[in-house]
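Note sheet for the following structure.
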Amino acid sequence: MVAAALAVSRMRPALTWRALDGDLVAGEASARLRPDSRWFVYFDTWRADAYRPLADAVARDLGRDLYVTLEDAEYDALDACAQAGFGVYRRESYYRIPVDPVATGLARAVLPAGLDVLSAADAEISRLRLLDDALRQDVPGCEGWRWDAGQFRAETFSPFFDPATYLVAVDQASGEYVGLVRIWRNRAGPRLGLIATLAQYRRRGVARALLGRAFAVLAARGATSVVGEVDDMNVASLLLLTGLGARRYGGNVELIRRQPGRSARHWPDERRPAAGR
């Protein structure tokens, strides 16, 4: 079979496209607009020849650059996406990080003078959202991210929210929120979503102190590790986590298919390393 044999139609009003081989469904693709104004495509197909016509249809209807994230071991899907016009944009590695304070060396980590910590449950939600937006500008793959207030509230206070491990660093003098650690309580185990501080508060031990407090909670509950992902170009975060004893156990690849004529706004060499992820 060849791609030309497949007909693609959009399942309106949903952002879903279906590839048909006669009366048989050969595959589907759906699209989602993230808060950083990037369109991500999700393929659900077992036929390699369905990727190209589906990607062509999504690109034609949306008129935007398209992004796809795949596990780095999904070799067939990676090959099919390459044939559909996608190229590598960035790579992330998955790490398992010990929470034992002896193993990490975080037992003696303390916040710098003038800073305090509160739970996200006690934070002012609008200020927390603005802090999250600001921190994400330095997280590779999240540049331009701006939360909708309702989406941020729903994301924050989801069933995976853990008030004891979602902590915010606060400047006592100004009351400004300056950093956070966010560990989700997932079914498979705790997951580090973000560890970051504003630029002017970096290299002062804030991230280590926040991690130390959150990890102490996990260790007291009997957890031995937490998982998290880091962009392979994020040198600061890699040094922080590997210095705590983190070990890589996999990764993913983010691909991009450029819309002809659009500027290269989100190209890897424009990214800056974040304080942590």
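The values are calculated or read from the model by the stated rules, or taken from the named source; none is laboratory data. Just so it is clear, the structure is predicted and the values come from calculations on it, not from any experiment. So basically every Cβ, Gly included, is an ideal-geometry build from the backbone, and we count neighbours across all protein chains shown. The accessibility values were calculated without ligands, DNA or RNA, using every heavy atom of the protein model including side chains. Shrake-Rupley method; radii C 1.70, N 1.55, O 1.52, S 1.80 Å.
Taken over segment 179-195, the criterion of being of a type in the set (A, V, I, L, M) and either at pLDDT below 95 or surrounded by fewer than 19 Cβ atoms within 10 Å (Cβ to Cβ) (or both) is satisfied by A188 alone.
Right, P13: out of contact with any Ser or Thr (no Cβ under 7 Å at 6 or more places or on another chain), at pLDDT 95 or above and not aliphatic (A, V, I, L, M) or not? Taking the combined requirement at face value, the residue does not satisfy it. Please determine whether any residue of segment 173-195 is over 15 Å from G228 (Cβ atoms) and among the aromatic types (F, W, Y). Yes; the residues of segment 173-195 include at least one that is over 15 Å from G228 (Cβ atoms) and among the aromatic types (F, W, Y). Picking from residues in segment 131-159 that are over 24 Å from R208 (Cβ atoms) and hydrophobic (A, V, I, L, M, F, W, C), the one that is most open to solvent (accessible area, probe 1.4 Å) is F157. Only a single criterion out of (1) surrounded by 18 or more Cβ atoms within 10 Å (Cβ to Cβ); (2) out of contact with any Cys (no Cβ under 9 Å at 6 or more places or on another chain); (3) under 20 Å from L6 (Cα atoms) is not satisfied by Y51, namely (2). Taking the listed residues R60, R64, R34, the one that is basic (K, R) and touching a Lys or Arg at 6+ places or on another chain (Cβ under 8 Å) is R64, with no other qualifying. Looking only at segment 221-238, decide whether some residue is at pLDDT 95 or above, in a loop (DSSP other than H, G, I, E, B) and under 15 Å from the mean Cα position of the chain (by Cα). Within segment 221-238 (the criterion being at pLDDT 95 or above, in a loop (DSSP other than H, G, I, E, B) and under 15 Å from the mean Cα position of the chain (by Cα)), the answer is yes, since at least one residue qualifies. Within segment 39-48, being touching a helix residue (DSSP H, G or I) at 6+ places or on another chain (Cβ under 9 Å) and either open to solvent by 50 Å² or more (accessible area, probe 1.4 Å) or outside any loop (DSSP other than H, G, I, E, B) (or both) holds for W39, V41, F43, T45, A48.
In the set (1) part of a loop (DSSP other than H, G, I, E, B); (2) in contact with a Cys (Cβ under 9 Å, 6 or more places away or on another chain), the condition left unmet by A73 is number (2).
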